[in-house]
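Here the structure is laid out as structure tokens; the discussion comes afterwards.
The values are calculated or read from the model by the stated rules, or taken from the named source; none is laboratory data. What you are looking at is a predicted structure, and each value in this text was computed from that prediction instead of being measured. Note that each Cβ is placed from the backbone with ideal geometry, even for glycine, and that neighbours are counted across all protein chains shown. When the accessible area is computed, the model is the full protein with side chains, heavy atoms only, and any ligands, DNA or RNA have been set aside. Shrake-Rupley method; radii C 1.70, N 1.55, O 1.52, S 1.80 Å.
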Amino acid sequence: MSRRIHARRTEGVDKNVWVEFTQLAADYKAVNLGQGFPDFSPPKFVQEAFCDAVNGGPQMHQYTRAFGHPRLVQSLATFFSRVTGHEIDPLEDVLVTVGAYQALFCAFQALIDEGDEVIIVEPFFDCYQPMVKMVGGKEVYVPLRPKVEGSLSSADWTLSAEELASKFTPRTKAIVINTPNNPLGKVYKTEELQMIADLCIKHDVLCISDEVYEWLTYDGNKHVKIASLPGMWERTITIGSGGKTFSATGWKVGWVISSGHIIKHMKTIFQNCVYHCPTAAQEAVARGFEREYELFGSPESYFQQLPAMLHHRRGKLASCLQSVDISSVKVDFNDDSTKDESYDYRFVKWLTKEKGLATIPVSAFYSPEHGKEFDKYVRFCFVKEEATLDAAEQILRKWSQGK
């Protein structure tokens, strides 16, 4: 065809860091500490729930309720009513989606108009930016910054109240936050969330809160839902993930919890998009939440066991990185094809191709205007088997020894 085929909304959003670097890791058969999926199985109780669902008769293989399997929306409402202190209506306040990715897509499509400004706190999960662009919104960025040079804790990365306040204008429609944050791991404290909440209420702005890692907190940090703060339930869109919650990312079960007057607009997008999510996977996640409701706060709860296991693995990887001190090792980039890319992109490609270890460049989580400030960082994922972390450590130690 001689005429333009593509819609203009696809321009400038065609590149995706996960597509590019996951393929690179596969091509070079690298030890993959890049993409954030577990290489271990989900807990037995949800595997068994999935098997029971598949063998549970014809209804488990057919369409269920379009906006969420009845058992799942009920279990989510029951569980998170306890957490938020707000009585959640399972049929009006919950929408089940094909992963958290689609939950975010429905939120931006349903709530952002052309010309609306959306404040995005950096670093951010990379899909926020293209999703805002595709609906004609304008991204406005404000970064978390380390309090001191060389900060070793994610808690040292803070949001300036003055800088954030300066970003609100009459055209601001929403702010997007991610807590615990990907890639930093930062867990927002109550006072930080209250500062954001006060600005949202003052300027009558929505808050899209991506909380897919809500159970992965360490060192005594506690996840607080911004929707639980006074005046925020009616303006907060909370995004959740069954894949992250139960270590089953391939099931692609996500959800949105919000006030019914917001959810109804997201349902309009959903019903004209995928319409329905797989029934058996929803049934399994529902049973997982029913179990966790009964065991909540006890040592038997998976929400206690998973972070405890990962705390050890985080320490293992962190100790390795500190002991090998890769910051002092010379890197000789010999790939002219990457010469125009940012430093961290070049480094990650070199590490994958030359050393067989895959990671993710952190500037991918920043806007073009701030990316250069943070292109000396890479993200390592420790949600992996011990054997995977051992293999990565072996690569790093050999490299640091000049081998």
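The table below gives the values:
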read-out	value
Length added when fully stretched, residue 325-residue 153, from 0.36 nm per residue minus Cα-Cα	60.2 nm
Pairs of Cα atoms farther than 19 Å apart, region 7-87, %	69 percent
Nearest-20 debye value, region 93-177 charge dipole, Cβ charges on Lys, Arg, Asp, Glu	40 debye
For region 375-381, Karplus couplings with θ = phi - 60° (6.51, -1.76, 1.60), whole Hz, Gly/Pro x	8, 10, 10, 10, 9, 10, 9
Centroid-to-centroid separation of region 1-56 and region 328-403 [C-alpha atoms, Å]	20 Å
Extension reserve of the residue 354-residue 264 stretch, reckoned as 0.36 nm per residue once the Cα distance is removed	27.3 nm
In sequence order, calculated HN-Hα J values of region 389-399 (Karplus, 6.51, -1.76, 1.60; Hz; x Gly/Pro)	5, 4, 5, 5, 4, 4, 4, 5, 5, 5, 5
Hz values of 3J(HN,Hα) by residue in region 116-131 - Karplus curve (6.51, -1.76, 1.60), Gly and Pro given as x	5, 9, 10, 7, 10, 7, 9, x, 10, 5, 5, 6, 4, 4, x, 5
Mean Cβ neighbour count within 10 Å, used as a protection proxy, ranking 282-289, 199-206 highest first	282-289, 199-206
Cα convex hull of region 25-177, projected area averaged across orientations, nm²	14.5 nm²
Region 237-279: C-alpha gyration tensor shape, a/c 1.5 cut-off, then a/b vs b/c	oblate
Sequence-separation-based contact order of region 263-403, relative, with Cα cut under 8 Å and 6+ spacing, percent	21 percent
For region 305-403, the fraction of alpha-carbon pairs in successive 10 Å shells from zero, as %	14, 43, 33, 10, 1
Stretchable slack from residue 318 to residue 61, in nm (0.36 nm times residue separation minus alpha-carbon distance)	88.1 nm
The chain - Rg over Rh from alpha carbon coordinates, Kirkwood radius	0.96
Selection from 197, 333, 367 lying farthest towards where the dipole of the chain points positive, charges on Cβ	333
Accessible-area composition of the chain, carbon plus sulfur, in percent [1.4 Å probe]	50 percent
Which of 209, 110, 157, positive extreme of dipole for the chain (C-beta unit charges)	110
Estimated FRET transfer efficiency when R0 is 56 angstrom, pair residue 10-residue 298 (beta carbons, to 0.05)	0.70
Under-5 Å amide H pairs with residue 236, H placed in peptide plane, nonlocal only	207, 259
Distance (nanometres) between label positions extended 7 Å along Cα→Cβ at residue 309 and residue 39	1.5 nm
Pairwise FRET efficiency - residue 2 versus residue 48, Cβ, R0 = 56 Å, nearest 0.05	0.45
Cα centroid separation - region 100-122 against region 213-236, whole Å	20 Å
Residue 360 long-range amide H proximity, modeled H, under 5 Å	379
